Amino acid sequence: SYQGSLELNKLGIDCDYFKGPLSGQLAIEEGHNFPLLKGNIEIADAMLNIPLIAINTGNSPDLEMDMTISLGKNVRLYNPVLYDLIVTGAATFHGTVSHPIPSGQFEALRGSVRYLDTKFNVTKGQADFSQADSFIPYMMVEGNGRVGQYTIMLTLRGPADNMNMLLRSQPPLTRQQI
């Protein structure tokens, strides 16, 4: 029998992918088939730079999960080449690390994404955690940018690691012209 817990009270993190305080509670205890990791992580007043490389958990030990990650005030997703977004929301993960059962969503309150040296102001941005057996969210992003006298509309849809992109313009241009 084993059990352990960790209390985080604005633990200061400063690394390439996360800058800011972490709060919450984590515990590990015996689960049904694997150790159970449970708790809540609260992120506020922080900046995150999400790496584009998917993490392979294939060779890691499996854990059961009952975890919630909540994004509070002033959470900024920032990568100087790709995005600058203020986000909020919460996601919960049940199941196991190898077979997660996610739920919840993160939403962009404001910000921008960059594509082909064009800045698109986000009008809608959601990361929906609903794909069974995956930590990767389904993305729904819409934004507008200006190139000369044209307004370019960007739409991204799909899993974060394989999004479909649609570009439109006003006045209308062909795909090649855009």
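If you go through the range 94-102 one residue at a time, do you hit one that is open to solvent by 40 Å² or more (accessible area, probe 1.4 Å), at pLDDT below 95 and either closer than 30 Å to GLU30 by Cα or in contact with a Lys or Arg (Cβ under 6 Å, 6 or more places away or on another chain) (or both)?
For the range 94-102, residues open to solvent by 40 Å² or more (accessible area, probe 1.4 Å), at pLDDT below 95 and either closer than 30 Å to GLU30 by Cα or in contact with a Lys or Arg (Cβ under 6 Å, 6 or more places away or on another chain) (or both): present.
For residues that are within 25 Å of ILE69 (Cβ to Cβ) and surrounded by fewer than 17 Cβ atoms within 10 Å (Cβ to Cβ), tally how many sit in the range 143-178.
Residues flagged as within 25 Å of ILE69 (Cβ to Cβ) and surrounded by fewer than 17 Cβ atoms within 10 Å (Cβ to Cβ) within the range 143-178 amount to 6.
If the Cβ limit is 8 Å and pairs must be 6+ apart or interchain, which residue in the range 4-31 that is over 18 Å from ASP45 (Cα atoms) pairs with which residue that is of a type in the set (Lys, Arg)?
The qualifying pairs are LEU26/LYS38; ALA27/LYS38; ILE28/LYS38; GLU29/LYS38.
Considering only the range 103-128, state which residues are of a type outside the set (Val, Ile, Thr), open to solvent by 20 Å² or more (accessible area, probe 1.4 Å) and under 13 Å from ASN144 (Cα atoms).
Correct list: ARG110, GLY111, ARG114, TYR115, LYS119, ASN121, LYS124.
How many residues are open to solvent by less than 40 Å² (accessible area, probe 1.4 Å) and more than 18 Å from TYR78 (Cβ to Cβ) if we restrict to the range 1-25?
4
Give just the number: which of (1) in a strand (DSSP E or B); (2) at pLDDT below 95 does GLN105 not satisfy?
The failed condition is (2).
The values are calculated or read from the model by the stated rules, or taken from the named source; none is laboratory data. What you are looking at is a predicted structure, and each value in this text was computed from that prediction instead of being measured. Positions of Cβ are generated from backbone atoms using ideal geometry, with glycine treated the same way; all protein chains shown enter the neighbour counts. Heavy atoms of the whole protein, side chains included, go into the accessibility calculation; ligands, DNA and RNA do not. Shrake-Rupley method; radii C 1.70, N 1.55, O 1.52, S 1.80 Å.
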